[in-house]
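Visitor: Handing you this structure, nothing more for now.
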Amino acid sequence: MTAQYAFLTADTVPDYVRSTASLSSRIDADHLTRCEEIGDGNLNLVFLLRDHEGRGLCLKQALPYVRLVGDGWPMTPDRARHEVEALRAHHALVPELVPEVYAYDPERYIIAMEDLSDHDVWRSALIRGQHHTGAAHEAGRYVGAVAFGTSAFGLEREALASSIASSVNPDLCVITEDLVFTEPVVDAGRNSCLPANALDAKEFAEDPAVRRAMGHAKWLFMTKAEALIHGDLHTGSVMVRGGDGNGGGSGGAVSVKAFDSEFAFYGPVAFDLGALWANYVIAAARGLALGDEAHADWCLDLLAQTWEGFEQEFRRRWPTRLDPRVWDDATLQDLLLTWRSEAWLFAAAKMSRRIVGLAKTQDIETLPESQREGAARAVLHVARALVRESGADSNVDHIRAVIRRQLQTAVPAAHATVEG
């Protein structure tokens with residue numbers, strides 16, 4: 001795929017800022033102390049800028065292909081528009097939880113937004129064993145605000161129809177549909193795992209209950225247009241800042257920001273919840289593999305905190321629903337129970353793809369191989385348990401106990417191998 005627009009480089013970024021009035025007033029491009037490309041994701045270029053007065057700016061440019069693979073996998077750069085529209089819609093609902101967009105260049109697919117370099121990627125903080133108390137609650141609150149504010153409960157019919165039409169995002173959705181729901185059980189040639197986990201991956205893919213559940217989850221994802229969901233919400237797309245003001249350190253999270261919403265579309269509310277839950281389980285598996293049970297249990301406690309944040313925010317907004325004549329409190333209770341059950345199903349899909357699929361996660365991949373084996377096995381065991389348990393009893397405390405047992409039985413095998 002031949003690009004029809006110029007890609008930013010560290011050398012050309014200052015000129016770009018100078019030539020853009022809405023940006024040149026925010027940062028002094030003639031006196032930059034930092035101009036660095038820091039994109040470590042799968043799709044985009046990301047530049048952080050800082051000038052001599054300490055003012056910052058982030059520029060994100062969509063490439064016309066999947067960066068993880070290269071130009072052999074074309075990808076529409078119009079995903080940047082979807083990201084901007086989602087960021088703006090979500091920021092309007094919870095401005096404290098979403099970075100501000102300053103400008104968007106539709107010809108070069110460049111988003112200029114708030115500098116979050118004083119924050120840390122939540123996944124990185126969890127890998128280091130840092131605890132940002134309250135971050136999971138805020139992440140749930142973000143999902144709750146979006147679930148209400150961008151849905152039929154919060155948008156008038158014409159506005160809702162317009163938002164749905166604008167957010168149709170098939171190129172990015174098909175990535176999720178393939179990599180998250182289909183390929184973990186039907187390998188398209190992109191899967192991989194440790195040789196020691198080959199049997200675990202085979203048993204997962206051949207489990208009839210898993211295949212049935214993944215098919216149902218994919219159908220929900222493709223057909224249930226409930227709200228303008230983030231679409232790729234995980235600990236790598238949430239930024240946190242602690243009380244020290246530098247992102248790191250344990251203690252209360254004084255700032256939480258959800259970003260990277262280019263996968264946004266009108267989809268099932270439970271998908272974003274499940275994605276967060278999956279990543280907490282992965283973080284817990286890492287903790288157990290390293291012998292840090294306290295950290296593992298802390299990560300599993302995030303499950304309930306996110307649900308509480310979500311439910312509280314949705315309930316807080318419920319009195320303002322547009323048609324209380326038919327959407328009564330019984331409707332609210334039905335919604336919450338349905339979303340909680342579906343979220344565990346989506347969590348199973350999201351965690352399993354991170355073990356056997358194309359795009360893995362640093363929580364597991366940075367472990368020594370002997371410890372990675374047990375952690376990977378544990379996550380797959382949890383995923384298989386979730387598809388069985390969630391339909392019967394989706395209560396968070398019950399499922400947490402199921403997850404803890406599955407992790408505990410799988411992870412020690414790695415320690416036994418090392419010690420033996």
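The values are calculated or read from the model by the stated rules, or taken from the named source; none is laboratory data. Just so it is clear, the structure is predicted and the values come from calculations on it, not from any experiment. Virtual Cβ from ideal backbone geometry, glycine too; neighbours counted across all protein chains shown. Remember, those area values only see protein heavy atoms, side chains included, never the ligands or the DNA or RNA. Shrake-Rupley method; radii C 1.70, N 1.55, O 1.52, S 1.80 Å.
Visitor: Do any GluC sites (Glu not before Pro) in segment 94-158 lie in a loop, going by DSSP, with at most 15 other beta-carbon atoms within 10 Å of their beta carbon, and if so which?
Guide: Here the sparse-neighbourhood loop sites are Glu100, Glu107, Glu156.
Visitor: Considering only C-alpha atoms, what is the centroid distance from segment 158-189 to segment 306-332, in Å?
Guide: Segment 158-189 and segment 306-332 have Cα centres spaced 27 Å from each other.
Visitor: Using amide H atoms built in the peptide plane, which far-off residues or other-chain residues are under 5 Å from Ala227 H to H?
Guide: For Ala227, whose amide H was placed from the backbone, the distant partners under 5 Å are Gly267, Val269.
Visitor: Could you work out the helix-only [θ] at 222 nm for the chain, with each DSSP H run of four or more residues adding -39,500 (n - 2.57) and the total divided by the number of residues, to the nearest 500 deg cm²/dmol?
Guide: -16000 deg cm²/dmol
Visitor: Next up: Mind checking the per residue accessible area of segment 108-243 for me, 1.4 Å probe, whole number of Å²?
Guide: 38
Visitor: Does segment 252-387 come out rounded, prolate or oblate, given a ≥ b ≥ c as the square roots of the eigenvalues of its C-alpha gyration tensor, rounded meaning a/c under 1.5 and, failing that, prolate meaning a/b above b/c?
Guide: Prolate shape, in that a/c is at least 1.5 and a/b is the bigger ratio.
Visitor: Continuing with the same structure: For the chain, with only Lys/Arg (+1) and Asp/Glu (-1) charged at the beta-carbon, what is the dipole magnitude about the Cα centre, in debye rounded to 20?
Guide: 700
Visitor: Accessible area of Met113, 1.4 Å probe, to the nearest 10 Å²?
Guide: 10
Visitor: Quick check: from the Cα gyration tensor, does segment 273-322 come out rounded (a/c under 1.5), prolate or oblate?
Guide: Here segment 273-322 falls in the prolate category.
Visitor: Given a 1.4 angstrom probe, what's the average accessible area per residue across segment 265-395, in square angstrom?
Guide: Per residue, segment 265-395 has 33 Å² of solvent-accessible surface.
Visitor: Pick out, from Phe181, Met222, Leu199, the residue whose Cα sits farthest towards the positive end of the charge dipole of segment 151-253, with +1 on the Cβ of Lys and Arg and -1 on the Cβ of Asp and Glu.
Guide: After comparing all options, I get Met222.
Visitor: Within the chain, which complete DSSP H helices have Cα atoms spanning at least 15 Å along the helix axis and a mean Kyte-Doolittle hydropathy of 0.5 or higher?
Guide: 269-289
Visitor: Tell me, Kirkwood radius of segment 330-415 from alpha-carbon pair distances, in Å?
Guide: Its Kirkwood hydrodynamic radius stands at 13.7 Å.
Visitor: State the Cα centre-to-centre distance between segment 193-234 and segment 364-385 in whole Å.
Guide: Centre-to-centre distance over Cα atoms comes out at 17 Å.
Visitor: Ordering Cys299, Cys35 by how much accessible area each has at a 1.4 Å probe, largest first, what is the list?
Guide: The ranking, largest first, comes out as Cys35, Cys299.
Visitor: Pull out a ≥ b ≥ c, the square roots of the eigenvalues of the alpha-carbon gyration tensor of segment 122-195, then state rounded if a/c is under 1.5, prolate if not and a/b is larger than b/c, and oblate in the remaining case.
Guide: oblate
Visitor: Right, something else. If you roll a 1.4 Å probe over segment 278-399 with all protein chains in place, what percent of the accessible area is carbon or sulfur?
Guide: 46
Visitor: Could you work out the Kirkwood radius for segment 48-168, taking every pair of different alpha carbons, averaging 1/r and inverting it, reported in Å?
Guide: Answer for segment 48-168: a Kirkwood hydrodynamic radius of 16.8 Å.
Visitor: Kindly sort Ser19, Ser390 by accessible area of their heavy atoms, largest first, with the probe set to 1.4 Å.
Guide: Ser19, Ser390
Visitor: How large is the dipole of segment 149-223 about the Cα centre if only Lys and Arg carry +1 and Asp and Glu carry -1, each at its Cβ, rounded to the nearest 20 debye?
Guide: 120
Visitor: Could you name the lysines whose alpha carbon sits less than 20 Å from that of Lys60, not counting residues in the same chain fewer than 8 places away?
Guide: Counting by Cα, and skipping residues close in sequence, Lys60 has these lysines nearby: Lys257.
Visitor: Dipole size in debye (nearest 20) for segment 70-178 around its Cα centre, Lys and Arg Cβ +1, Asp and Glu Cβ -1?
Guide: It comes to approximately 320 debye.
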